[in-house]
Every structure is written in C-alpha cells, then in structure tokens.
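Notes follow the structure.
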Amino acid sequence: MFLTTLVSALLWWHQPAPASATVLPAAVARGYADPCKIYGSIYIERDPRRRGYCNATVYVEQQEAFASLVVYDEANKLFADKAGLWYRTDARDFADFTVFITDNRAIADFGIYYTKSRSFAGCRQN
C-alpha cells in the first residue's frame, strides 16, 4: 500500500503541462500571420486540403483600395526584403512563408493586390 501511494504521489508531482501552455517556436507555429510582416520567399498553395499548413489565407482583390497588402513580385530573392515584396518559390521547404490563395473572401485572413510598380508595394496601415 505504501508503494502504491508513493507511485501515485510521484505521478502527481511530475504531471506534464497541458498542451495549451506549451509555446511553439515561430518556425513551427502555423496560422494567421500579420500581413505587414509577410515578405521574402513565398510559396503559393492552391490545394484546399493543405490550407491548415499555411501561414495565411489570402484573397486576391480586384482593386487596390480593398487590399490590406499591395504585393510586387520580385525577380530576385535578395530584393524581397520589405512588406509586400514577394519572391515566389517552387520549393515549399525553402520558403519563408506559405500562403494559401482562395477564391472565397469569407475564409481569407486578409486581401492582397498585385501591382506592377515596386514603389507601390507595401502594407496599408489602418
């Protein structure tokens, strides 16, 4: 009986922390990302089954006025160093961010608009 009490006391004392209390590193954590912090190499995901593995879900707006982020596609990864400057990559593993593009505005985290001028790219502060 003493041994049973001792084992149960040790199990109670070394109880693991609940899953909600653990903090995942930024590289592992997935989900909503601030549109003003998305830049660099971006992998564009179009498969709806992989939406949960993406950093953000975005909707491509038809007008710049409704977009939270104005995006310019860079040709060189080294120049994609500010908000809205994206270098599209074909390798998901080497991308800084993974973005799911949806046709449904209701499930999007924010909207983007593609521009042809690098100077117009950036985040809209509301």
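Taking a spot 7 Å from the Cα of Cys36 along the direction of its beta carbon, which residues of the range 88-126 have an amide N less than 13 Å from it?
Zone members listed by number: 122-126.
Sum up the charges of everything whose Cβ sits under 12 Å from the Cβ of Phe66, counting Lys and Arg as +1 and Asp and Glu as -1, but leave Phe66 out.
Summing Lys and Arg as +1 and Asp and Glu as -1 gives 0.
What size of dipole, in debye to the nearest 20, comes out for the range 66-126 about its Cα centre when the only charges are +1 on Lys and Arg C-beta atoms and -1 on Asp and Glu C-beta atoms?
240 debye
Per residue and in Å³, how big is the convex hull formed by the alpha-carbon atoms of the range 31-123?
So the per-residue hull volume is 88 Å³.
What list of ³J(HN,Hα) values in whole Hz, one per residue of the range 57-68 in order, does the Karplus curve 6.51 cos²θ - 1.76 cosθ + 1.60 (θ = phi - 60°) give from phi, with Gly and Pro shown as x?
Per residue, the Karplus-derived 3J(HN,Hα) values read 10, 10, 10, 7, 7, 8, 10, 5, 5, 9, 8, 7 Hz.
Excluding Lys37 itself, calculate the net charge of residues whose Cβ lies under 13 Å from the Cβ of Lys37, where each Lys or Arg counts +1 and each Asp or Glu counts -1. Walk me through the intermediate numbers first.
Values: positive: Lys82; negative: Asp34, Asp81, Asp96, Asp109.
In short, -3.
Between Asp81 and Phe120, how many nm apart are label points set 7 Å from Cα along the C-beta direction?
Using points 7 Å along Cα→Cβ, the separation is 2.5 nm.
Values quoted throughout were computed directly from the atomic coordinates according to the rules given, and no laboratory measurement underlies them. Quick caveat, the model's predicted, so the values are computed rather than measured. Quick reminder, even Gly has a Cβ in these numbers, built from the backbone with ideal geometry, and neighbours come from all protein chains shown.
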